[in-house]
Amino acid sequence: MAVATPAAGARESVRQKRERDQELLVWPDLVFVEFICAVLFTITFVVLSVWFDAPLLNKANAGITPNPSKAPWYFMNLQELLLHMDKGLAGVIVPTVLLVGLMAVPYIDRSNEGQGGWFATPNAVRIAMFSVVWSGVWITWLILWDNQSHVRVWHNLPQLWGNGSWHWKWPGDKNPFDGWPVEGALLPIWRFIFLKDRLSLTDPKGWSWSLPVPFQPGSGPHDGRLDWPQDLEQVPLPLNGTWLFHWGRPNGAPGWFQHVYWYDSDVNIPKITAEYIVPVIAMVGLPLLMIFILHKLGWAHTVRDAMIALFTGFIVTYLALTIVGAAFRGKSQNLVPPQRVPNLDSDPHIERQVPPPAGEYVLMDATSGRTSSGGVYG
């Protein structure tokens, strides 16, 4: 009888049998612990529900919009994102990319070394702490910057020194190059450095520049100069049927084609820059810069190190957005201190319709103008 033997030089890959104390079985090791935790969790919630009432309000009324109107706490981070970028980007694209990225982590980091262990690489603790500080500082600064909080602080600095009668002017509102030969080139750079917030890119008073051009495709007067943002707010799309090459609306085409075809369509480049490009640069560029710095410091050597840094930053950003949305967003989603966030106990009219006070009403004949007592309402 022929017996198959391993080829010469080949190593056997037979897994060694492990002892019972080296194994972790689903039953009873895992399921029993999960059951005990579930029972304790349920008992805790029952006790809390006896002592504390749920903050339930009146029945939903489509005619009354709460102010502020907030999502459940587990979606508060997404609601906070809606304030800083386009709604489709914040509500659909970003969550989808994050979920796909989290699912792809095991396929990107395929090393078996240190699996199942906390901080399993030599520099994991330092990397995680660096990522906590890096992500926390940047997410806090970006939220404050997009709210123009730094501008208000700058204006009110003299009040801290007892000079409440005057305010400092924001450097971006000044023109230190007035009369210079290169004023037109230096002033946009100066104002970009001191940009007040993301939406200032769409405001001529926030950031603007002008260039001489022989051909001007967008909106605004065709005066031989390309002005940001006015001339770029309605830039026609190529082959839209109304720019360069003209043809009528394709009414005879199938319905699906008429829906997807960009006939007589244009793009708003300043708005795309503020709503898409700037947020994407922040979300992609800052994590990559963090990995680059960790690599230069000699801390991040492996894919596992990079995954630890990125996942830690994701958790910090998730928590920061949730806390800001829940504890620092007041009426009209304005950024306010926690004590100024409306509370149901102190402001019970947030979602309740207050009926008008009781009073009398009169009936009037539209033709004769005679009146009669109508009764009491309320």
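Annotations
- Of all the numbered requirements in (1) touching a Leu at 6+ places or on another chain (Cβ under 8 Å); (2) in contact (Cβ under 8 Å) with a residue 40 or more places away in the chain, Trp207 misses one, and that requirement is (2).
- Within region 291-337, the residues that satisfy the criterion of being touching a residue at least 12 places away in the same chain (Cβ under 8 Å) and either in contact with a strand residue (DSSP E or B) (Cβ under 9 Å, 6 or more places away or on another chain) or basic (Lys, Arg) (or both) are Arg304, Val324, Phe328, Arg329, Lys331, Leu335.
- Meets criteria (under 20 Å from Gly184 (Cβ atoms), aromatic (Phe, Trp, Tyr) and touching a residue at least 12 places away in the same chain (Cβ under 8 Å)) for Trp262: no
- Qualifying residues in region 269-279 (those that are touching a residue at least 60 places away in the same chain (Cβ under 8 Å) and closer than 21 Å to Val92 by Cα) - the one nearest to the chain's Cα centre (by Cα): Pro279
- Among the residues of region 320-348, just one is among the charged types (D, E, K, R), assigned to a helix (DSSP H, G or I) and surrounded by 13 or more Cβ atoms within 10 Å (Cβ to Cβ), namely Lys331.
- Only one of Gly136, Gly172, Gly179 that is exposed (fewer than 13 other Cβ atoms within 10 Å of the Cβ) and not hydrophobic (A, V, I, L, M, F, W, C): Gly179
- Residue in region 168-180 that is without any contact (Cβ under 8 Å) to a residue 40 or more places away in the chain, closer than 28 Å to Asp86 by Cα and in a helix (DSSP H, G or I) present: yes
- Some residue of region 233-249 being under 28 Å from Lys174 (Cα atoms) and surrounded by 10 or more Cβ atoms within 10 Å (Cβ to Cβ): yes
A short reminder: the numbers here are calculations on the coordinates, not readings from a lab. Everything numeric here is computed off the predicted structure, so don't read it as measured data. Quick reminder, even Gly has a Cβ in these numbers, built from the backbone with ideal geometry, and neighbours come from all protein chains shown.
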